[in-house]
Amino acid sequence: MDHEPVLTGPQWVLDRRRFLLAALGGAGVLVLGACTSSGGGPRTAPATVRLPNAALGFPTPFAANGGPGYSQMILLYDTLLWKDGTGELLPWLAETVTSSDDHQTYTFELRDGVTWSDGEPLTVEDVVFTFEYYAAQEFLSPAVLVQPPRGIAGVRATGPKAVEVTLERPLVTFPEQVAGALPIIPRHVWSSIDDPGAALDMAVLVGTGPYRLESYGGDGGPLLYTARDDYFLGAPYVQRIEMNAIDDFFSALLSGATDAARGFGLRSDILAPFEGDDAYDTITEQGTWSQVLYWNLGKEGPLSDPRFRHACAMAIDQDDLVSRLAAGRGLPGNPGFLSPENEFFAPVPRYEFDVAGANALLNSAGYRHGNGGVRQDANGAPLSFELRFDNAQVELGEIVIAALRQIGVELRSTPVEVGPELFGNKLFGGYDMVVLPFPGPAPGGPNADPDVLRQIFSSRVPPSLTGATNYVNPAFDELAEEQRLTFDEGERQAIVAEMQTMVAEDIPVLPLYYPDATLIFRKQVLDEWYFTPGQYPTSEDHKHLFVTGDESGTDIRRR
Amino acid sequence: MSAQTSAPVEVAREAEPGPDQATEPERRRRSPLLVVGLGLLGLVLLVALIASLLTPHDPRAISGAALEEPSAGHPLGTDVPGRDIFAQLVFGARTSLTVATVSASLAMAGALLFGVLPALVGGAADSVSNRLMVFLLALPGLPLLVLVGSLAGESHLVVIVLIGFLGIAPNARILRSQTLALVQRGFISASQGFGGGPLYVLRRHLVPALGPLILVGFVNWAGLAVALEAGLAFLGLGDPSGISWGLMLNRALAQPSIYFSPMWTWWVLPAGLAVTFTVLAFTFVGVALEPSFNPRWLRSS
Amino acid sequence: MDDHREQRGADGEGAGPRSIVSPRPGEAQRVGGVARESPESALGAAGGVEGAPRPPDEGRRRGRRRWAGAGISYAVTIFALVTLNFLLPRAMPGDPIDALLAQGSSGFVFGEEARAELEEYYGLDRSLAAQYGQYLTGLARGDLGRSIVTNTPVWDELARRLPWTLLLIVSAALVSTVVGLVAGVHSGWRRDRPMDRALMTMLLALREFPPYLLGSLLLYVFAVKLGWLPLFGAETPFSGAFSPVERVVDVGRHLLLPLLVLSVGLTAGNYLIMRAGMVGELGSDYLLLGRAKGLRERRLKYRYVARNALLPLVSLTAIQLGFALTAVVLIERVFSYPGLGRLLFEAIAVRDYPIIQGAFLLISVGVVTINAVADALYRRLDPRTAP
């Protein structure tokens, strides 16, 4: 396949934000050293943090499931780089990282004194083995269907502590999506394992990570982590993390059964008891998640006519969606796809809610009213389509159907369970229109690295679940490749802005709205909660916070 | 039928001083269960019939803001997209009664086909169909419904048909027993001997003897169908875009932390009570119609 | 209808215990008639309708044949369930590979080679017959496949959940039997009195109240509002420091609400059976005799009448387990109780077919087995059908 992506990071890391190279101004050499921010004042370290999430798969890199599963797994493992609460990539297992002038070679110098949880020291061989082992897998796991990183030309040890990674061609996303995401695994454990997805024995849970898994109650069961006092950054700030299967997060928070709970577009009555209570605090992040409307551009007729899609967009009142489906807590959709909170967001004209305008547009495009108020195309075929949506989004589906009815477009509702039908049909183009959550079952997101635009819209990327089906725009494809190779942030910003304009004009897909993510937490237990910028927000996804107790840096807050 | 055969014995016994003085037919006639049950069923039926007169709103149409509190315009407020909850409640009666009638009809029709007919024919037909029924009886209902429901996707029809299907075996067994008893008693062979055709036999002997049993079976299965449909909808199986009480419960309870808001009192409770009272009405009628209490619950396993 | 039971007895095959749940007055009388507990055995024999003694030899032969028939019928049922479990998912629309893909990450890049690889991994590229053979041999080894979501062996997941479900249903069956028995005896003894009517209406109404709704309301009141009982789960997780007594109390506190809701559903059935049995016994000759002899009411009520009416209830308790095993699907979901029902619910939500099938197989084989045991128990206990 000639359009095979040169390098794809493991997909759960779509959501990592851009790598900060700005300070180097594209000079081509990147040096990151250990940070030296000072710790906070003396406060009591939380003995235990309890979270309302059950195990999502067995926490190895090969069996952990989706985004939250990744967050649970990564507490046991480490990556070469890791991101803090400000969105900055910090050297983590690597003490320093250097890139060549052409950004094609990265050299990681490992820290001293890093040990696996079974006492063995971390070696450069482990790192080399990790890259080779992932590359040998067709999928990281048949269960998770995460693909191994591709586009890596070679990995070799260049010194007792140095590993050199050479890419097939330079990629701006490498530090964040590969070095900042790929868990390093021990060679002495995995070298004898052929089917890593089926390795579900507690004995394989050997990592360099800050925590040990004390207890695993099966998928959907509780998880108990305890801190490793011999962790290379020092004893982690949070000593114990309990995760429990809880359905009703906020009742559990109120009754004291959990210390933090997260929701999207929360109703006021849920927030009320916490807002009135000093014991709790709340943080909110916008634009991390969206519901997206897809048209199948592979079908002849109206679906592949941009005027028709424009009219649809104008008939849907996105502010109304926010007020109905997110209790007013959210943002209307951006036709440029990236959320307004994304650093690469470029303002593009919105399709303002205008039913009369939409009708006029359809009239001028030759879609005349036919029987029963349903329009017809030039061949006399009615504008009647099937709209598929996830069973959990029936409300959204109903609103979209009602909205398009106003402009003489009939949608037959086909709500389907998350699962075979929805995704299978979406993937193989067997649909007219679909509403899908984005990111879907695994994270990534509208405020992740803008490379997400390429993955969704480029026709050089093979079909994927969230891809824009049959959208072909060669000019866009060119830009999409170009931005991956552009290390100057200003230049990349300009390219990405142009991509957004194209997407907004063609609208092969339309983000409908972005509900706000809100995390409510018990202050007394832990008070420094943050949402990692660009990350799909889960309440487990706070490794940096649990280790350091702070928002930034690698120093551990004093207890 | 059993009332005829057992009642005289009972009357004779109970003529003597005992804890209960009433005769069976008397007791049934004035059974408060029957009165209450029929009353409730009548009410549900009435609501279902005149649903469109009770509310100006289309239960599927968005007619207000999301999660409105009860008001004159929306007596039970609105749900998330902004549809009238009261309208869903009254139109939900239609769904429930449809499910009840169709499933129970299927069950009883199947019971006649696999219970009565083979028993009349006798021989291998009877023995084969009886074995089949014994096997079907052993199939666990709810798990089967869950399995098929999850595989079949969002079809309401599949659920209705399957509920009806599950009702065939238990009812066929009962009807078969009764038919065999009739056959043994010789009425049928006698009338056949006198030249009565099958239709005559059916009209003259079978319908009067089996009718009450069929009615009781129908009522009982109808009640069970309402409960099962609601339970499956609650589990998220069935047609998610339909209008039904189970679906109302599913949607309401899917709201995060519904009990934080008083809305459960006008959203969850009415739907829950509607299911409860409808099932209860069928149960009451079923219980009251039977000469003795034939607990229906076992068939639900 | 009266010959319902005889019919079943004469059939000689596992008619399914369901058929014994219609103890009608006339029928129960006969049971009473030949019963072992008559105050005056002569009277009891006189009241027997089926009193005609059979030659003992013939009885034994018939008994053996009946047991063999029941065994074969059970085996056929199990085999049919196993096959159904294999065929149903394949007969339904939707492709297991699509289901897998739905679990994939949003940006997962898909090609036909990947599909072929997956089909090979799951053995779906083979013929239906080969798959069936593989399924059967796997089953014989206790291998139910792996979850498509977590890759865990299905059997491991089931085994992890089973003990909690067993705890729940066994305790619920016990509670509901005792409560149903006492209420039924009282109700039947005083048929149609206000107490009887009140009990019957209340128990029926409680049974018909959707269990998931009852559960949600109880949870809200006792766990959220009052904070007396835990909100979720079957035990306080990570309770390593608990003493055995504390642990039992902890498990009990978690069990209380689900147990209550499940028992409410089961009690009505026991109650109705017991009540009907009592009503049937009330006209018995031995009872008249007992009254005539001036036996105390309480003694009569429990010692003789209830004891005879108990027969259906004994096997009923076993069937209750079967019913409870299916009801847990709804109840465990509400209480986040980590049993089989919850597992099934979670699997449905993500269409994890191997788990759904595994849970279906386990639950249905459980129900069928319990029913068969109940049936056998009934045969042993029923004087008319005992060998």
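The values are calculated or read from the model by the stated rules, or taken from the named source; none is laboratory data. Please read all numbers here as calculations on a predicted model, not as lab measurements. So basically every Cβ, Gly included, is an ideal-geometry build from the backbone, and we count neighbours across all protein chains shown.
Structure notes:
- Comparison of A:180, A:217, A:197 shows that the only residue that is at pLDDT below 95, surrounded by fewer than 21 Cβ atoms within 10 Å (Cβ to Cβ) and of a type outside the set (Ser, Thr, Tyr) is A:217.
- Some residue of the stretch C:140-152 being at pLDDT 85 or above, part of a helix (DSSP H, G or I) and not aliphatic (A, V, I, L, M): no
- From the list B:105, B:129, the one residue that fits, being within 12 Å of residue B:222 (Cα to Cα) and in contact (Cβ under 8 Å) with a residue 12 or more places away in the chain, is B:105.
This table checks each residue for (1) buried (at least 17 other Cβ atoms within 10 Å of the Cβ); (2) modelled with pLDDT of 95 or more; (3) over 30 Å from residue A:49 (Cα atoms).
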site: A:453; (1), (2), (3): yes, no, yes
site: A:471; (1), (2), (3): yes, no, yes
site: A:474; (1), (2), (3): no, yes, yes
site: A:487; (1), (2), (3): yes, no, yes
site: A:500; (1), (2), (3): yes, yes, yes
site: A:530; (1), (2), (3): yes, no, no
site: A:533; (1), (2), (3): yes, no, no
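- Scanning the stretch B:250-268 for residues that are at the interface with chain A (Cβ under 9 Å from one of its Cβ atoms) and β-branched (Val, Ile, Thr) turns up just one, B:258.
- Matching option when the condition is at negative phi, surrounded by 22 or more Cβ atoms within 10 Å (Cβ to Cβ) and of a type in the set (Ser, Thr, Tyr), among A:98, A:173, A:86: A:173
- Residue match in the stretch B:52-59 (condition: modelled with pLDDT of 90 or more, small (Gly, Ala, Ser) and part of a helix (DSSP H, G or I)): yes
- Only residues that are under 23 Å from residue C:373 (Cα atoms), of a type in the set (S, T, N, Q) and either touching a His at 6+ places or on another chain (Cβ under 8 Å) or facing chain C (nearest Cβ under 8 Å) (or both) were counted in the stretch B:129-176, giving 1.
- Residue match in the stretch A:201-211 (condition: on the phi < 0 side of the Ramachandran plot, part of a helix (DSSP H, G or I), surrounded by fewer than 17 Cβ atoms within 10 Å (Cβ to Cβ) and within 14 Å of chain C (Cβ to nearest Cβ)): yes
- Condition met for residue C:307 (within 14 Å of chain A (Cβ to nearest Cβ), modelled with pLDDT under 85 and either outside any helix (DSSP H, G or I) or touching an Asp or Glu at 6+ places or on another chain (Cβ under 6 Å) (or both)): no
- Residue count for the stretch B:269-283 under the criterion of being in contact (Cβ under 8 Å) with a residue 12 or more places away in the chain and facing another protein chain (nearest Cβ under 7 Å): the result is 5.
- Test for residue B:93: is it buried (at least 16 other Cβ atoms within 10 Å of the Cβ) and modelled with pLDDT of 90 or more: yes
- Hey, residue A:233 crowded, with 19+ Cβ neighbours inside 10 Å, of a type in the set (A, V, I, L, M, F, W, C) and either touching a helix residue (DSSP H, G or I) at 6+ places or on another chain (Cβ under 6 Å) or touching a residue at least 12 places away in the same chain (Cβ under 8 Å) (or both) or not: no
- Filtered by the rule that a residue be over 29 Å from residue A:353 (Cα atoms), more than 22 Å from the chain's Cα centre (by Cα) and in a helix (DSSP H, G or I), the stretch A:483-514 gives A:490, A:491.
- Per this entry, residue B:247 is not counted among residues that are facing another protein chain (nearest Cβ under 8 Å) and in contact with a Ser or Thr (Cβ under 9 Å, 6 or more places away or on another chain).
- Against the numbered list (1) in a loop (DSSP other than H, G, I, E, B); (2) within 12 Å of another protein chain (Cβ to nearest Cβ); (3) within 30 Å of residue A:111 (Cβ to Cβ), residue A:256 comes up short only at (3).
- All positions within the stretch A:46-83 that are more than 10 Å from chain C (Cβ to nearest Cβ) and hydrophobic (A, V, I, L, M, F, W, C): A:47, A:49, A:51, A:73, A:74, A:75, A:76, A:80, A:81, A:82
- Selection within the stretch C:225-261 - of a type in the set (Ser, Thr, Tyr) and closer than 20 Å to residue C:161 by Cβ: C:236, C:239
- Cβ pairs under 6 Å, 6+ apart, first in the stretch A:502-516 and within 24 Å of residue A:459 (Cβ to Cβ), second in a strand (DSSP E or B): A:509/A:292; A:509/A:294; A:510/A:293; A:511/A:290; A:511/A:292; A:512/A:291; A:512/A:293
Here is a yes/no grid of residues against (1) more than 14 Å from chain B (Cβ to nearest Cβ); (2) of a type outside the set (Ser, Thr, Tyr); (3) not in a loop (DSSP other than H, G, I, E, B):
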site	(1), (2), (3)
A:218	yes, yes, no
A:237	yes, no, no
A:266	no, yes, no
A:273	no, yes, yes
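- The stretch B:60-103: number of residues that are farther than 14 Å from residue A:395 by Cβ, part of a loop (DSSP other than H, G, I, E, B) and in contact with a Phe, Trp or Tyr (Cβ under 9 Å, 6 or more places away or on another chain): 6
- Residue match in the stretch A:139-150 (condition: modelled with pLDDT of 95 or more and among the hydrophobic types (A, V, I, L, M, F, W, C)): no
Here is a yes/no grid of residues against (1) in contact (Cβ under 8 Å) with a residue 12 or more places away in the chain; (2) under 21 Å from residue C:338 (Cβ atoms):
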{"residue": "C:168", "(1), (2)": "yes, yes"}
{"residue": "C:177", "(1), (2)": "yes, no"}
{"residue": "C:181", "(1), (2)": "yes, no"}
{"residue": "C:226", "(1), (2)": "no, no"}
{"residue": "C:243", "(1), (2)": "no, no"}
